[in-house]
Each structure stands twice: as structure tokens, then as C-alpha cells.
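Heads up, the thing below is written out as C-alpha cells.
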Ligand SMILES: [Zn+2]
């Protein structure tokens, strides 16, 4: 097994786990319930951890996590319906709710 991700917030680790499961990878969470030990251990030693069962999937797993965890970058996009300018991280037009074109 290989540790591929850790974060102080469990929901972030669960979101990462779901992304890898959706890609067909077997993953395991550890430390989901260890925050009670904080104070006796170094804080990062109590963070929830995401482990990859098959180490050969490491490269793809890291790429998927990088895509998931880094916000989209690039130019603003122009709404085809109302011509409003939208941040690249928006999937829907902030002004009218039209989906971002592909
Ligand atoms: Zn719009």
C-alpha cells in the first residue's frame, strides 16, 4: 500500500478517495477517527490518510488528485446565452445559469 494523500479535513480525503474509486482503484482510508489523539502526536500524524492498494496505480492516482485538487485555470469564458464573462472555475454562468460550453 502507498500513501497518496493526507489532509486535516476528512471530507477532503473522502472526496479524493471517491475520485480514485470512480477510476476503478482500490483505496483505503486511515486515521479517520484519530483526531482525539491530537496533542499526543504531531498534528499531521493524526490527519486522515488515503492509501492506494496497488502501488502501480501511483502515477495515475497522483494525476487524478492533482486535477481534482487544483482549481481550473485559464481564460475567463463568455456565456453563450447572455455574453457575461465567467471565472474558469465556474461550470455554470453566474448570471443566468447556462452551462459552460465544452
Ligand atoms: Zn449567462
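Name every residue in the range 83-93 that is surrounded by 13 or more Cβ atoms within 10 Å (Cβ to Cβ) and within 8 Å of the ligand (Cβ to nearest atom), in order of residue number.
84, 86, 93
Collect the residues in the range 31-55 that are at pLDDT 90 or above and over 17 Å from residue 19 (Cα atoms), keeping them in residue-number order.
31, 47, listed by residue number.
Residues that are under 30 Å from residue 101 (Cα atoms) and touching a strand residue (DSSP E or B) at 6+ places or on another chain (Cβ under 9 Å): does the range 39-61 have at least one?
Yes, the range 39-61 contains at least one residue that is under 30 Å from residue 101 (Cα atoms) and touching a strand residue (DSSP E or B) at 6+ places or on another chain (Cβ under 9 Å).
Determine whether residue 64 is touching a helix residue (DSSP H, G or I) at 6+ places or on another chain (Cβ under 6 Å), modelled with pLDDT of 95 or more and either farther than 30 Å from residue 30 by Cα or away from the ligand (no atom under 16 Å from the Cβ) (or both).
Numbers: touching a helix residue (DSSP H, G or I) at 6+ places or on another chain (Cβ under 6 Å): yes; modelled with pLDDT of 95 or more: no; either farther than 30 Å from residue 30 by Cα or away from the ligand (no atom under 16 Å from the Cβ) (or both): yes.
Answer is no for this residue.
The values are calculated or read from the model by the stated rules, or taken from the named source; none is laboratory data. Just so we're clear, the structure is a prediction, and the values are computed from it rather than from any experiment. Cβ: placed from backbone, ideal geometry, glycine included. Neighbour counts: every protein chain shown.
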